[in-house]
Amino acid sequence: MSKFLEIRSKNKDICTLGECGGSITSILQYLLETKVVDGVLNIKKYDDIYDGVPVFITDPKEILETAGSLHCAPTMVADLISEYLDDKKLAVVVKPCDAMAINELVKRNRFNSENLFIIGLNCGGTLMPEPAQRMFELFYDLNPEDIIKEEIDKGQIIVLLKDGTEKGVKIDELEEKGWGRRENCQRCEVKIPRNTDIVCGNWGATEGWTFTEVISEKGVKLINDAVKDGFIESKTPSDKQIEIRAKLEKIMEKLADKFQKKQLNTEYPSIEKWDEYWNRCIECYGCRDVCPICWCNECEIERFFENESLTPPDPLTFQGVRLTHMSFSCINCGQCEDVCPVHIPLSKIYYKAQKNYRENTGYIAGITDELPPLYSPENE
Amino acid sequence: MLIKHTICSFCSVGCGINLISNNGKVVGTYPYKKHPINEGKNCLRGRSSYKDIQENRIIVPHQKQQNKLVESSWEDAFSLINESLKSHSQDEIGIVVSGELTNEENAIIKNFAESRGIKNIGFYSHNFPNFKGYDDLSFANYEDLKNANFLFIIGNIIVDNPLIGRRVFMAKDNGVPVFSADYSDLTTTSINSDKHFKFFSFSDFLDEFPNEIKNELNKDSIIIFNILESIDNFDKLVEIVKKSNSKILPVLPGSNSFGTMNYFLPLDKNELKELLSKIKVLITVEADILTYDDGDNINLHNFDSFIAIDTSLNGTSSIADTILPTSLWFEKSGTFTNTVGTNQSFEKVIEAPETTNSIEHIFSEL
Amino acid sequence: MSDDLKVVGFCCNWCSYGGADTAGTARMQYPPNIRIIRVMCSGRITISMVLKAFSDGADGVFVGGCHMGDCHYSSGNYKWRRRANMVGDTIELLGIDRERFRFEWISASEGEKFQTTMSSFAKKIDEMGSLHRHFKKIHS
């Protein structure tokens, strides 16, 4: 089979309901209906398009609820698998950060990747739901409730309204003014998650089809079987399409690089600013608890800070210890920053530490196949 | 595994939180990033409250026999309670509710009390008064914090109510000056304030209110506080506020203290003691009286009959003659009114154990 | 070296601590500011310990282990070396000059190396002065 494919659902309804021909919806249905997996972990709309929540589905009929893509859903599913679903055969639809977190957890034997079908999505970034709504009011002059769909395409954040009209604003313009995608997404350098079984997306795709890169042997078998059982159909994309996709990826990577320089170097907070941030810390352990990499049953920080205190913890032994425990595996998912009640830009320091570690050892969190060199028992 | 939205029941800020349930049990939390109040951020106590409230859970009715609590059936429990209710006049019966019940439950209890003519009813509001009596005060909402030009904080708000603390930081980042006052001079709030005042008595502090703060107060400034020593404190504060026309943001304890004030009289510690001294039959509804300020000095042993409607075996309910188990916050649907008066409804996350009953059912049987 | 400066030195039982001992019995002078903590192996030392030392008031932290290949437990010092390489970057992110941390391989017979290392490290710390952190040090 060729490495690159275009696929779409053979079910007409799903084809129009889902994104780009509903391929993922149909693949998931295939997996559930033929009982290849026990369940599917995906994101679904809870109340509206700004409210994406992970959902575990065992009934093939419910798969339709997860059709379509959501950009205001900065979720993380990797730790859900290790906490609650590690005993199941599972198909999971992931953004690059989810895929990288899964990679780190699998290396730590938190669950078995053989039980897992990982379907990756090209990802240009996510938006925080509340600021996104304010942004649509301010820059689009729209009532956020009238928007039924959003999309990131051609350097714009495009919204589709109830009445069928579209409106787009350039991402650059929005992000210059401090809106747009989350900061982590702006600097994220993995746009196509290749540590998965297949990756799907619309970059380079024909209208109504999904451009798919098949990566693992499991992925090859998955596509072949889904085609054979009549859930999806496939065709080979032209060289031109492959080129367009590669080009788009390059552009996105370059942009990420620009943001990295800005956020981690030129505009990186000074030590004085960091001390101001550390003085805010309320020792809520939100960053630790949400971190997909952190999972120790007994946490060393808790030993240092057994007594409840009225004042912030010393950053050397609080954030510092966390820094030495997980920063080499930081995948820049930004969850710590998202949940910090006092707005400490945590993921900047963790990710900067991983970049340092990468420079010294070559270890890329979430991508490198082996465990970080720190774990090595070898003499070298 | 199922993730569902709900409203945090730990304090009155009204944050959204997602609860994860697995096999009919709540096992974890997940950030609720779309919620306008907290955008997925929760404090430690909020995130762990689902665990804490399940401790010492009680799921079958209990009755005291020879000074020991033994399991009983709902029928027996109800008939015993109804007997003692019948043998006492309405003035001898008192009900103490808590600020953590939903508005719907409060309405049911209020109906019950009115239909029986029970007047001895109220809840401990940690000395916060009923704001209905202060019509001319202007109350701040969360959006106002952003547009304020001066914030004055009383209490360690940043640690006690971090999701208000978050908005204080947002204001601070916009250059808004922040002053604070507290019993201690070294707290996370004091460290992050431009100026901090330490006091030994809140009341004395209000009597000799520093000019430095007075001079900063104006109609666009906000006073945030989460402690009051007595209702008297509040009146003193109101005088200061009225002179400057500034707004106030009281942060109440109890997820629905604000809503409960629409139904029942808020009591301070003296009023609560007085109520308890008048009655012979006490019904508590999720009210752990012994943990309140000065709770050590309250005697709950002298009632003819003491009925605790509660979710867990705590200091108060373990003294009761009868315990009626009811559902936890995430086992019921309803609405909470948060500290700025916003009504937020939430859905049940899991089913309550079959052997417990809802407040609605319990009061319909009494 | 000024007397109020403090250097914490973690020394492994088999080599560096022996080195310190050798320096002592041979009456080699080295600054008294160093407080030696004997550990069984440099592989026992975690970065948290270094951070805790700084947090508790150390102005410099030194770690001594056996030469590569000489570890009593065969691979402890290799493990420590992988960690040690991370320390500089980490403390720098937290606002501490990386020069305030040093690690060295000193065998039990190298009393002189222990002496010179300590003297030069103490000199360096003396130059930098006491560790001033912007973060509010809170003593209750």
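The values are calculated or read from the model by the stated rules, or taken from the named source; none is laboratory data. Just so it is clear, the structure is predicted and the values come from calculations on it, not from any experiment. We place every Cβ from the backbone using ideal geometry, glycine too, and count neighbours over all the protein chains shown.
Quick notes on this one:
- Flag if A:W274 is within 30 Å of A:V190 (Cα to Cα) and over 26 Å from the mean Cα position of the chain (by Cα): yes
- Scanning the stretch B:190-215 for residues that are in a loop (DSSP other than H, G, I, E, B) and either small (G, A, S) or not assigned by TED's automatic domain parsing to the domain that holds B:N245 (or both) turns up B:S193, B:S201.
- Total residues in the stretch C:48-82, condition crowded, with 21+ Cβ neighbours inside 10 Å, outside any strand (DSSP E or B) and touching a residue at least 12 places away in the same chain (Cβ under 8 Å): 12
- Test for B:L163: is it within 19 Å of B:I213 (Cα to Cα) and either touching a residue at least 40 places away in the same chain (Cβ under 8 Å) or in a strand (DSSP E or B) (or both): no
- Residue selected from the stretch A:84-114 under the condition under 19 Å from A:G219 (Cα atoms) and among the small types (G, A, S), by the criterion nearest to the other protein chains (Cβ to nearest Cβ): A:A91
- Any pair with Cβ under 7 angstrom, 6 or more apart, that starts in the stretch A:145-174 at a residue that is at positive phi and ends at one that is crowded, with 17+ Cβ neighbours inside 10 Å: A:G155/A:I171
- Any chance C:M118 is more than 9 Å from chain A (Cβ to nearest Cβ), in contact with a strand residue (DSSP E or B) (Cβ under 9 Å, 6 or more places away or on another chain), among the hydrophobic types (A, V, I, L, M, F, W, C) and surrounded by fewer than 21 Cβ atoms within 10 Å (Cβ to Cβ): no
- Subset of the stretch A:265-316 that is aliphatic (A, V, I, L, M) and touching a residue at least 12 places away in the same chain (Cβ under 8 Å) - its residue that is farthest from A:D338 (Cα to Cα): A:I301
- Filtered by the rule that a residue be in contact with a strand residue (DSSP E or B) (Cβ under 8 Å, 6 or more places away or on another chain) and within 11 Å of chain A (Cβ to nearest Cβ), the stretch B:18-35 gives B:N18, B:I20, B:S21, B:N22, B:V27, B:G28, B:T29, B:Y30, B:P31, B:Y32, B:K34, B:H35.
- Answer residue from the stretch A:279-315, given it is touching a Leu at 6+ places or on another chain (Cβ under 9 Å) and in a helix (DSSP H, G or I) and is farthest from the other protein chains (Cβ to nearest Cβ) among those: A:C287
- The number of residues in the stretch A:263-313 that are closer than 16 Å to B:R47 by Cβ and among the small types (G, A, S) comes to 1.
- Restricted to strands (runs of 3 or more DSSP E) entirely inside the stretch A:110-198, those with at least 3 residues that are among the β-branched types (V, I, T) and modelled with pLDDT under 95 are A:147-153, A:156-161.
- The stretch A:68-115, residues that are in contact (Cβ under 8 Å) with a residue 40 or more places away in the chain and of a type in the set (G, A, S): A:G68, A:S69, A:A73, A:A78, A:S82, A:A91, A:A99, A:A101
- Test: residue in the stretch B:105-115 that is in contact with a Gly (Cβ under 6 Å, 6 or more places away or on another chain), in a helix (DSSP H, G or I) and at pLDDT 95 or above: no
- Consider the stretch A:115-135 and keep the residues that are of a type outside the set (A, V, I, L, M) and away from every other protein chain (no Cβ under 14 Å). The one that is surrounded by the most Cβ atoms within 10 Å (Cβ to Cβ) is A:G120.
- For the stretch A:239-278, the tally of residues that are more than 14 Å from chain C (Cβ to nearest Cβ), assigned to a helix (DSSP H, G or I) and not polar (S, T, N, Q) stands at 22.
- Of the strands (runs of 3 or more DSSP E) lying entirely inside the stretch B:259-366, those containing at least 1 residues that are more than 30 Å from B:I231 (Cβ to Cβ) and touching a residue at least 40 places away in the same chain (Cβ under 8 Å) span B:305-310, B:322-325, B:343-346.
- Scanning the stretch A:239-290 for residues that are among the small types (G, A, S) and loosely packed, with under 15 Cβ neighbours inside 10 Å yields a total of 2.
- Selection within the stretch B:186-225 - within 14 Å of chain A (Cβ to nearest Cβ) and over 27 Å from A:K273 (Cα atoms): none
- Summed over the stretch C:80-103, residues that are facing chain A (nearest Cβ under 10 Å) and either closer than 21 Å to C:I36 by Cα or among the β-branched types (V, I, T) (or both) total 7.
- Residues of the stretch A:45-67 that are facing chain B (nearest Cβ under 8 Å), without any contact (Cβ under 8 Å) to a residue 40 or more places away in the chain and among the charged types (D, E, K, R): A:D47 alone.
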